[in-house]
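Quick notes on the structure that follows.
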Amino acid sequence: MADQQVHDALDSVPPQPPVLRWAEPPEGPVLVLLDQRRLPAHETELVCTDVPALVHAIQTLAVRGAPLLGIAGAYGIALAAARGYDVVEAAGLLEVARPTAVNLRYGVRLAADAHGRALAGGGTREQAAAEALEAARALHRADADASRRMAGHGLALLGELLPGGGHRILTHCNSGALVSGGEGTAFAVALAAHRAGELRHLWVDETRPLLQGARLTAWEAARNGMAYSLLADNAAGSLFAAGEVDAVVIGADRIAADGSVANKVGSYPLAVMARYHHVPFIVVAPTTTLDPTTADGASIEVEQRPGREVTDVPAPRSADAGSGGGVPMAPLGTRAYNPAFDVTPPELVTAVVTEVGVISPVTGDGIARLCAGARDGIVD
């Protein structure tokens, strides 16, 4: 009876609302976002009518996650063009909204270049706006396809590294459908393992200070009926020591030319513990996250977030849950160190999984081959 109740409860869960969609009401085109600051308590949509509103949504984490930021940036250019705003100015605002996630810059430039080519070719403003919108939609479709391919490659890799199934996967931050045009990056691999009957348990780091794991990954895991447990970030070491982790699988916001990986702060300590305990540390990211123009980890610009995100306890039911604010827990005037990301050196990364294949060991030459494969449209 209990199992039947669980199945009934899962069947009654409504489908996840679109994380991002383009809409054209009578008053003009808009970009509609699922407001991730309000999750899991409220599934609320946020309507952006111009680029400053979208920039604010990006900076306050209403929309977040490297692949989705690229998609949002592309649609932002389309929005500016469709509403007759200065596209060059819009691109400048969007590109610097969050500096670490290279996908944002990629998406902005993709749509801006499509817009510029249309104008240079003699197209009207309306035609140029249509080209920018099609570029955004094409990126959206491509990311969904990349998500599917990464899930397949990642599942195959887990099978090679961990024969026998029953994987116990530890993940950090949020890397599912909330960050993607599809089902995500790292979370998509865990979800593929779950659907294949190969996932024994998903360990979900809460991900301080903004609790993306607790608020978002746990929400996605519950919706998909996955066996999961939430843990405080500083409890991960005890899991490793107890032999309860078979693999760490995370996403990335930027991967440098040498294979250094920038991801949500707290990822690097997991890599160190994984190496000590002989546990695979796997990074899953689309090739749009690879940045051959950034030479190494030291060259990655790491975003510094407001100190209040550390000094205050977030209020998940408020619109500010994703940007700090809430109940102060530190003495007034306390200074905080709050990098949004840390950087894991390539020698601690077992493999990088992309839509065009897997590299292991992770080297600069391997990253260059992945970039070339993506550029040439070669898919394993």
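Quick notes on this structure:
- Residue match in the range 244-262 (condition: exposed (fewer than 15 other Cβ atoms within 10 Å of the Cβ) and among the hydroxyl-bearing types (Ser, Thr, Tyr)): no
- Residues that are among the basic types (Lys, Arg) and surrounded by 15 or more Cβ atoms within 10 Å (Cβ to Cβ) within the range 283-317 comprise Arg305, Arg308, listed in sequence order.
- Residue within the range 274-286 that is touching a residue at least 12 places away in the same chain (Cβ under 8 Å) and at positive phi present: no
- Long-range neighbours under 9 Å by Cβ, at least six apart or interchain, first residue assigned by TED's automatic domain parsing to the domain that holds His172 and touching a residue at least 24 places away in the same chain (Cβ under 8 Å) within the range 227-241, second surrounded by fewer than 17 Cβ atoms within 10 Å (Cβ to Cβ) and in a helix (DSSP H, G or I): Tyr228/Ala222; Leu231/Ser238; Asp233/Pro269; Ala236/Pro269; Gly237/Pro269; Phe240/Tyr276
- Any hit, the range 289-299, residues being under 20 Å from Gly213 (Cα atoms), at pLDDT 95 or above and either in a strand (DSSP E or B) or among the β-branched types (Val, Ile, Thr) (or both): no
- Residue in the range 220-229 that is touching a Gly at 6+ places or on another chain (Cβ under 6 Å) and either in a helix (DSSP H, G or I) or at pLDDT below 95 (or both) present: yes
- Scanning the range 72-110 for residues that are over 20 Å from Glu24 (Cα atoms) and either touching a residue at least 60 places away in the same chain (Cβ under 8 Å) or under 18 Å from the mean Cα position of the chain (by Cα) (or both) yields a count of 15.
- Subset of the range 33-62 that is among the small types (Gly, Ala, Ser) and surrounded by 20 or more Cβ atoms within 10 Å (Cβ to Cβ) - its residue that is farthest from the chain's Cα centre (by Cα): Ala57
- Within the range 332-359, the set of residues being at pLDDT 95 or above, over 30 Å from Leu162 (Cα atoms) and not aromatic (Phe, Trp, Tyr) comprises Thr334, Arg335, Ala336, Asn338, Pro339, Ala340.
- Here Asp113 fits the description: charged (D, E, K, R) and free of Cβ contacts under 8 Å to residues at least 24 places away in the same chain.
- Given (1) touching a strand residue (DSSP E or B) at 6+ places or on another chain (Cβ under 6 Å); (2) under 20 Å from Asn263 (Cβ atoms), index of the condition Gln59 fails: (1)
- Checked against (1) without any contact (Cβ under 8 Å) to a residue 60 or more places away in the chain; (2) within 30 Å of Leu199 (Cβ to Cβ), Arg125 passes all but a single condition, namely (2).
The values are calculated or read from the model by the stated rules, or taken from the named source; none is laboratory data. Not measured: the values here are computed from a predicted model. Here the Cβ is made from the backbone with ideal geometry for all residues, glycine too, and neighbour counts use every protein chain on show.
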